[in-house]
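Here's the structure, in structure tokens; my notes come after.
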Amino acid sequence: MNGFSETHIKSAGDSGGNPKSLPRIAFVIHDYDPNLGQGRYCVELAQRLHDRFTIDIHAASFLASEMPNARFLRVPAWRRGAFSTVFSFIAGAQRSLRQHPPDLIHAQGLSSWSADVLTGHMCVSARTRKLPAPGWRAGMFTRLVTPFERAFYRQRRARHLIAISRVLKAEIAEDYGWQRPVSVIYHGTDTDKF
């Protein structure tokens, strides 16, 4: 798992106390969709890990949902705009994670306040510095979301960051103060499929 080995997962077993069960990983993502960047990333991870772990996917929508050792748990999100989508999803994801406690939580972007592993796909603060938001709505979204994204990258439980580029790794460290272990894993292309 590129810098984050299976030994990092507390092998607590399932909720029934069966020590021989596979460790449970929860992926938290807004949309589990192989046609979207973050969604594709999560689909690929789940497909590669489902034979060694039990996978819970907490998402608002699913376009891929058949896989052994996997549960697809719908998280409600109020999709009236970007801001309502992000924050209603986080509240729903936290409820879902409490109802279905995993051994390890892997959050994709701003999606959970209780993650062990974070994957950063962008840094709103750095993006705003480089490309000022067009229009008042985008500017308002950026001003409202940036403090929450900063808190996301500073959550106590998180102990490992996966950044999709060296540039993003530097931005998250500079803008949000991340000082824990980081793995840079670039988005790849499956040349057999594409």
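Brief remarks on what is shown
- Condition check for Ala126: aliphatic (A, V, I, L, M), assigned to a loop (DSSP other than H, G, I, E, B) and either in contact with a strand residue (DSSP E or B) (Cβ under 8 Å, 6 or more places away or on another chain) or farther than 27 Å from Val75 by Cα (or both): no
- Scanning region 161-194 for residues that are under 24 Å from Arg129 (Cβ atoms), assigned to a loop (DSSP other than H, G, I, E, B) and open to solvent by 100 Å² or more (accessible area, probe 1.4 Å) yields Gln179, Tyr186.
- Where Tyr41 falls short, out of the listed (1) over 16 Å from Val117 (Cβ atoms); (2) hydroxyl-bearing (Ser, Thr, Tyr); (3) open to solvent by less than 50 Å² (accessible area, probe 1.4 Å); (4) modelled with pLDDT under 90: (1)
- Consider region 97-110 and keep the residues that are modelled with pLDDT of 95 or more and assigned to a loop (DSSP other than H, G, I, E, B). The one that is most open to solvent (accessible area, probe 1.4 Å) is Pro101.
- Selection count where residues are of a type in the set (S, T, N, Q) and not in a helix (DSSP H, G or I), scope region 22-53: 1
- Close pairs (9 angstrom Cβ cut-off, 6 or more residues apart or separate chains): touching a residue at least 24 places away in the same chain (Cβ under 8 Å) in region 71-95, among the β-branched types (Val, Ile, Thr) and surrounded by fewer than 18 Cβ atoms within 10 Å (Cβ to Cβ) anywhere: Ala77/Thr85
- Among residues of region 120-134 being open to solvent by 10 Å² or more (accessible area, probe 1.4 Å) and under 21 Å from Ala60 (Cβ atoms), the one that is farthest from the chain's Cα centre (by Cα) is Val124.
Conditions tested, residue by residue: (1) open to solvent by less than 10 Å² (accessible area, probe 1.4 Å); (2) part of a helix (DSSP H, G or I); (3) in contact with a helix residue (DSSP H, G or I) (Cβ under 8 Å, 6 or more places away or on another chain); (4) modelled with pLDDT of 90 or more.
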position	(1), (2), (3), (4)
Phe83	no, yes, yes, no
Ile90	yes, yes, no, yes
Arg95	no, yes, no, yes
Ser112	yes, no, yes, yes
Leu118	yes, no, yes, yes
Trp136	no, yes, no, no
Arg143	no, yes, no, no
Pro147	no, yes, no, yes
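- Top-ranked residue of region 44-67 - restricted to ones that are under 26 Å from Val86 (Cβ atoms) and among the hydroxyl-bearing types (Ser, Thr, Tyr), ranked as least open to solvent (accessible area, probe 1.4 Å): Ser61
The values are calculated or read from the model by the stated rules, or taken from the named source; none is laboratory data. Predicted model only: the values in this text are computed from it and were never measured. Counting neighbours? That spans all protein chains shown, and the Cβs are built from the backbone with ideal geometry, glycine included. Protein only, heavy atoms only, side chains kept; ligands, DNA and RNA dropped before computing areas. Shrake-Rupley method; radii C 1.70, N 1.55, O 1.52, S 1.80 Å.
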